[in-house]
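Participant: Okay, here's the structure, questions in a sec.
Taken together, the values in this text are just the output of simple stated rules run on the coordinates, not laboratory data. Given the structure is predicted, the values throughout are model-derived calculations rather than measurements. Please note: Cβ atoms are built from the backbone with ideal geometry, for glycine as well, and neighbour counts cover all protein chains shown.
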Amino acid sequence: MQDFSVAVYRQLLDSLQQAGYRFQTFADFLQAPHEKSVVLRHDVDDRKLHSLEFARIQHEKGIVGTYFFRVVPESFDENVIREIHALGHEIGYHYEDMDFAHGDPDKAIQFFERHLDKLRRVAPVSTICMHGSPRSKYDNKAVWKKYNYRDYGIIGEPYFDLNFRKVFYLTDTGRRWDGHAVSVRDKVTDYFGLRFHSTPEIIQSIREGRFPDQAMFNFHPQRWTDNQLLWLTDKYRQKVKNTIKYWLIKWRNAPNPAEMPQQSLVNH
């Protein structure tokens, strides 16, 4: 079956249900995690109707998930947000305010307050998650070096509040499940030593009882479709993006010659 299709997504959910996993929102997991539990996280970066389709599928199966919305037009849609919330799912803020503020934390927190309020006028929000902003040099999480999101009634941010020694983290960043080399910021320390490239590999691991008891999946629903033309377009577009991100990461991690210690020259 074709990976990154809605059909294989349904298979993944079915395999988790059949294996006895319980589905929790991110907020619920933080407050009372089940021993065998999955958090379905969705970063609504683009094509918001794809996220709505995911939410409807989950609702059909009696499953809940968490949807983090940006405030840009590609993501923010009051009707979509309201319907997803009405289906029983959690709404969170996918913040990118350090990017908006060009790295100024004081301006960023003003953006954050305004954007959080905008989202809360549509649905309750108690969790947030940074947007990776791969083309930006600013890390959106850096605003919390100066400010505290708990002052705004926020109970959790995945990159700060999940114990990744216990919770296995999987993300489809790069349109693959092992895209660490092409992920600018959506990455965590791996304590499990498990690698999956495709969704069918994950499904097989679940069916064989090899999958961890607690996990967070991070989906970008804009990548998942049964429309063959859109699927092919996204596949080849992502290949180009992955190449660009790979070299961007290499460039950013390269040592700066101006900052390297100078070796003294000794004449013999």
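Participant: Starting from the Cα-Cα distance between Phe160 and Asp190, subtract it from 0.36 nm times their residue separation and give me the gain in nm to one decimal.
Facilitator: Result for the pair: 9.3 nm of gain on full extension.
Participant: Can you give the charge dipole size of the chain about its Cα centre, rounded to the nearest 20 debye, using +1 on the beta carbon of Lys and Arg and -1 on the beta carbon of Asp and Glu?
Facilitator: 520 debye
Participant: On to the next question. Which of Gly65, Gly209, Gly88 ends up with the largest GNM mean-square fluctuation for the chain, with Cα atoms connected below 10 Å?
Facilitator: Maximum among the listed residues: Gly209.
Participant: Mind sorting Met1, Met216 by how few other Cβ atoms lie within 10 Å of their own Cβ, fewest first?
Facilitator: Neighbour counts put them in this order, fewest first: Met1, Met216.
Participant: Calculated from DSSP H runs of 4 or more alone, at -39500 (n - 2.57) each and per residue, what is the 222 nm mean residue ellipticity of the chain, nearest 500?
Facilitator: It comes out at -11500 deg cm²/dmol, rounded to the nearest 500.
Participant: Just grab the label-to-label distance for Arg121 and Arg210, each label 7 Å out from Cα along the Cβ direction, in nm (one decimal).
Facilitator: Each label point lies 7 Å from its Cα, and together they span 5.1 nm.
Participant: Spin-label point model (7 Å from Cα, Cβ direction): what's the Ala32 to His102 distance in nm?
Facilitator: Taking the two extended label points, one gets 4.8 nm.
Participant: How much length would be gained if the chain were fully extended between Glu113 and Ser133, taking 0.36 nm per residue of separation minus their Cα-Cα distance, in nm to one decimal?
Facilitator: Extra length from Glu113 to Ser133 when fully extended: 5.3 nm.
Participant: Are any of the pairs Lys48/Lys166; Lys118/Lys145; Lys118/Lys166; Lys48/Lys145; Lys36/Lys146; Lys61/Lys187 more than 27 Å apart by Cα-Cα distance, and if so, which?
Facilitator: Those over the limit are Lys48/Lys166; Lys118/Lys166; Lys48/Lys145; Lys36/Lys146; Lys61/Lys187.
Participant: For Lys235, which lysines qualify as cross-link partners when the Cα separation must be under 17 Å and same-chain residues fewer than eight apart are set aside?
Facilitator: Excluding near neighbours in sequence, the set is Lys245.
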